[in-house]
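Asker: Just passing along the structure, written as structure tokens.
The values are calculated or read from the model by the stated rules, or taken from the named source; none is laboratory data. Everything quoted here is computed from the prediction, not taken from an experiment. Methodologically, a virtual Cβ is constructed for each residue, glycine included, from the backbone with ideal geometry; neighbour enumeration extends over all protein chains shown. The accessibility values were calculated without ligands, DNA or RNA, using every heavy atom of the protein model including side chains. Shrake-Rupley method; radii C 1.70, N 1.55, O 1.52, S 1.80 Å.
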Amino acid sequence: MNVLLVTLDQFRGDCLSAAGHPVVETPNLDALAGEGVRLARHYSQAAPCGPGRACLYTGMYQLNNRVVGNGTPLDYRFDNVARVARRAGYAPIVFGYADQGIDPRVATGPDDARLSTYQGFPPGFDVGVDLPDEQDAWRQWLGELGYVVPGDGEGALATEPARPAEHGVSAFLTDAIVAWLERQERPWFAHASYWRPHPPYAAAGHWSTAYDPDALPVTVPRPGRAMPYCGRLADQRAPADERELRALQAQYLGMISDVDAQLGRVLATLRRLGMWDDTFVVVTSDHGEQLGDQGTLGKGGPFEASYHIPGIVRDPRHPRSHGEVVTEFTENVDVLPTICEAIGVDVPAQCDGMPLTPFLRGEQPPWWRDAAHWEYDWRWEYIFRGPHSWPWDRRLESKHLTVLRSHSGAYVQYGEGAWRCFDLDVDPTWRKEITDPSVVLDYAQAMLTWRSRHAERTLSDMLLSDGGIGRVPHAVP
């Protein structure tokens, strides 16, 4: 089969019309869900982009891959989705970006430019279009079209409403993907990494006016109990003025509809080229967006809006399950094991996730998780303030939190020792706290058990006896 892995950056899991959103229109994602399986309770394992994607690409929780910030190196020894694809005979290619930093131990020397950026790619990927924060390729194209282009990527994105949607960053990336698909003559593996709906909150062209701010179901949230500070990225305050918040949300929904339309072009191309029934499709995001929830914007911290994301998988070999909605907790670490089984490669021992294959077949797996899990680490903000003398200065080790989200509640454990526990049956906005020690203890023990069962295991299930017994790992190039 062909494999198409799509990431839509900073996409909230509830912002699909198929998921019941009262306003947003996502006809192409809805249609894909109708011809595949939609994961209704799908979660990213970390934020921001680099950590979230590291979990997606490696199938590992942050507690094992240790990519904790944009700029944390990705350990070269880890397997990833591109290496898996190469073992299956593909030449995997990425369009967009991946935000994975180089392992400094494989750099060519102190002058290696890759030591000064987090905007790299996991080992194994060919690069079709490199579209980092600076948006160089897109801005150059806009200049060739005759626009006076801002001198930086942020400025170009912020002025998207002033240009037709056909000249937007999402359309630009789609043009490249479509042109590449038209040249393919053998099975392929492509990762389409779209920037939007990542801020700035400015939708392209007519999408910037597609939603009436006054028609949005928006209320300025009332503040809850103060949470422990968890870094400036998680402390971006939402507008206190309701009209301003509505205008921002209208732009966000416009970006969603824009990228939905562009993904529709890609899927239409697969049909036109006769590839549709031979292509395995995964659509997800690297993390979510607060969009005013808990009074904040962006991503980070403990709250669900930063981690609940879309999940759609289409396996053309199992049409009987098409249109199904999975309500079990699924996670982005499940994507790599699922792709492995789809293309006939053993699931790497490092993977903390589990294959979604039974759900795609319309079956129930032998067992499944009963909670979702995510982590947030903000030590990167303090590294800039260094030095931190090792081994006695361990302040960085406390700058993190872990969340266990069950069907009825959520438990948050902070590295400094603080905790919070929420009754989400009573109040899904994370304001009703649980203080009953017996209930809290159950959550804390569940988190401890989860962590104890997900220690890194690549070599631990093998014994050096009789030439090697147990689970013998394959070599990673």
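Asker: Looking at the stretch 403-462 only, could you name the residues that are over 23 Å from residue 230 (Cα atoms), acidic (Asp, Glu) and free of Cβ contacts under 8 Å to residues at least 24 places away in the same chain?
Answerer: Correct list: 425, 436, 442.
Asker: Here's another thing I want to ask about it. For the stretch 394-405, does any single residue satisfy the condition of being open to solvent by 50 Å² or more (accessible area, probe 1.4 Å), farther than 24 Å from residue 59 by Cα, out of contact with any Lys or Arg (no Cβ under 9 Å at 6 or more places or on another chain) and at pLDDT below 95?
Answerer: There is at least one residue in the stretch 394-405 that is open to solvent by 50 Å² or more (accessible area, probe 1.4 Å), farther than 24 Å from residue 59 by Cα, out of contact with any Lys or Arg (no Cβ under 9 Å at 6 or more places or on another chain) and at pLDDT below 95.
Asker: Follow-up question, since we're still on this one. Pick from 320, 379: which is under 22 Å from residue 67 (Cβ atoms) and open to solvent by 20 Å² or more (accessible area, probe 1.4 Å)?
Answerer: 379
Asker: Right, here's the next one. Which members of the stretch 253-284 meet the condition of being under 16 Å from residue 1 (Cα atoms), hydrophobic (A, V, I, L, M, F, W, C) and free of Cβ contacts under 8 Å to residues at least 60 places away in the same chain?
Answerer: 276
Asker: For residue 231, all conditions in the list (1) modelled with pLDDT under 95; (2) part of a loop (DSSP other than H, G, I, E, B); (3) over 22 Å from the mean Cα position of the chain (by Cα) hold save one; what is the number of the exception?
Answerer: Result: residue 231 fails condition (3) only.
Asker: What number of residues in the stretch 424-474 are open to solvent by 80 Å² or more (accessible area, probe 1.4 Å) and at positive phi?
Answerer: The total comes to 2.
Asker: To continue, here is another question. Show me the helices (runs of 4 or more DSSP H) entirely contained within the stretch 294-395 in which 2 or more residues are of a type outside the set (A, V, I, L, M) and under 30 Å from residue 230 (Cα atoms).
Answerer: Result: 380-383.
Asker: Considering only residues that are among the aromatic types (Phe, Trp, Tyr) and not in a loop (DSSP other than H, G, I, E, B), look in the stretch 19-71 and name the one that is surrounded by the fewest Cβ atoms within 10 Å (Cβ to Cβ).
Answerer: Across the stretch 19-71, the extreme among qualifying residues is 43.
Asker: Related question: Please indicate, with yes or no, whether at least one residue in the stretch 170-187 is free of Cβ contacts under 8 Å to residues at least 60 places away in the same chain, open to solvent by less than 10 Å² (accessible area, probe 1.4 Å) and on the phi < 0 side of the Ramachandran plot.
Answerer: no
Asker: Any residue at all in the stretch 204-217 that's among the aliphatic types (A, V, I, L, M), open to solvent by 10 Å² or more (accessible area, probe 1.4 Å), modelled with pLDDT under 95 and closer than 30 Å to residue 413 by Cβ?
Answerer: Checking the stretch 204-217: not a single residue is among the aliphatic types (A, V, I, L, M), open to solvent by 10 Å² or more (accessible area, probe 1.4 Å), modelled with pLDDT under 95 and closer than 30 Å to residue 413 by Cβ.
Asker: Of the conditions (1) buried (at least 20 other Cβ atoms within 10 Å of the Cβ); (2) under 24 Å from the mean Cα position of the chain (by Cα), residue 421 fails just one. Which one is it?
Answerer: (2)
Asker: In the stretch 48-60, which residues are over 8 Å from the mean Cα position of the chain (by Cα) and within 16 Å of residue 302 (Cβ to Cβ)?
Answerer: Of everything in the stretch 48-60, those that are over 8 Å from the mean Cα position of the chain (by Cα) and within 16 Å of residue 302 (Cβ to Cβ) turn out to be 48, 51.
Asker: Taking residue 110 and the conditions (1) at pLDDT below 95; (2) of a type outside the set (Ser, Thr, Tyr); (3) open to solvent by less than 60 Å² (accessible area, probe 1.4 Å), which numbered condition does it fall short on, given that it satisfies the others?
Answerer: Only one criterion in (1) at pLDDT below 95; (2) of a type outside the set (Ser, Thr, Tyr); (3) open to solvent by less than 60 Å² (accessible area, probe 1.4 Å) is unmet by residue 110, namely (3).
Asker: Would you pick out the residues in the stretch 58-84 that are out of contact with any Gly (no Cβ under 7 Å at 6 or more places or on another chain), touching a residue at least 12 places away in the same chain (Cβ under 8 Å) and not polar (S, T, N, Q)?
Answerer: 60, 61, 63, 68, 75, 76, 77, 78, 79, 81, 84
Asker: If you don't mind, there's one more thing I want to ask. Given (1) farther than 21 Å from residue 333 by Cα; (2) at pLDDT 95 or above, where does residue 86 come up short, assuming only one miss?
Answerer: Every condition holds for residue 86 apart from (1).
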